[in-house]
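Trainee: Let me give you the structure first, and then I'll get to my questions.
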């Protein structure tokens, strides 16, 4: 199995860990204290824990926008960039929001017989 096959066989559990790591990277760009404050705000005001971000990407994005204003799109782009690098993806990320990018990545990572989105 070559490296590309290995990347494309990423399980849901592995993908979740990679996505959370990318979210951490994006939020850390604001500083450690800011990252922790945002995670606290997500959980207390939006009922999104760090571990449930993947299942709540739309709410996560909206919450980031409410918390950070116009800075939210910058943080999302950093999350996408980190995810793109971690997965060594060839999925284009230009002009995509986080939800769209994750959907396209999941489609790429899906086993060949399961191309449901």
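Trainee: Checking the structure you have, find out if any residue of the stretch 24-32 is assigned to a helix (DSSP H, G or I), farther than 20 Å from residue 89 by Cα, modelled with pLDDT of 95 or more and in contact with a helix residue (DSSP H, G or I) (Cβ under 6 Å, 6 or more places away or on another chain).
Mentor: First, pick out the residues of the stretch 24-32 that are assigned to a helix (DSSP H, G or I): 24-28, 32.
Next cut, farther than 20 Å from residue 89 by Cα only: 27-28, 32.
The next check asks that each one be modelled with pLDDT of 95 or more; those that pass are 27-28, 32.
Applying the additional criterion that residues be in contact with a helix residue (DSSP H, G or I) (Cβ under 6 Å, 6 or more places away or on another chain) yields 27-28.
Yes: the stretch 24-32 contains one or more residues that are assigned to a helix (DSSP H, G or I), farther than 20 Å from residue 89 by Cα, modelled with pLDDT of 95 or more and in contact with a helix residue (DSSP H, G or I) (Cβ under 6 Å, 6 or more places away or on another chain).
Trainee: A follow-up question, please. Which residue, of 38, 18, is over 17 Å from residue 71 (Cβ atoms), touching a helix residue (DSSP H, G or I) at 6+ places or on another chain (Cβ under 9 Å) and part of a helix (DSSP H, G or I)? It would help to see each step written out before you state the result.
Mentor: On the way: 38 fails: over 17 Å from residue 71 (Cβ atoms).
Among 38, 18, only 18 is over 17 Å from residue 71 (Cβ atoms), touching a helix residue (DSSP H, G or I) at 6+ places or on another chain (Cβ under 9 Å) and part of a helix (DSSP H, G or I).
Trainee: While we're on this one: Would it be correct to say that residue 100 is at negative phi, without any contact (Cβ under 8 Å) to a residue 12 or more places away in the chain, surrounded by 13 or more Cβ atoms within 10 Å (Cβ to Cβ) and out of contact with any strand residue (DSSP E or B) (no Cβ under 6 Å at 6 or more places or on another chain)?
Mentor: On the way: at negative phi: yes; without any contact (Cβ under 8 Å) to a residue 12 or more places away in the chain: yes; surrounded by 13 or more Cβ atoms within 10 Å (Cβ to Cβ): yes; out of contact with any strand residue (DSSP E or B) (no Cβ under 6 Å at 6 or more places or on another chain): yes.
The answer is yes for residue 100.
The values are calculated or read from the model by the stated rules, or taken from the named source; none is laboratory data. Predicted model only: the values in this text are computed from it and were never measured. Note that we place each Cβ from the backbone using ideal geometry, even for glycine, and neighbour counts take in every protein chain shown.
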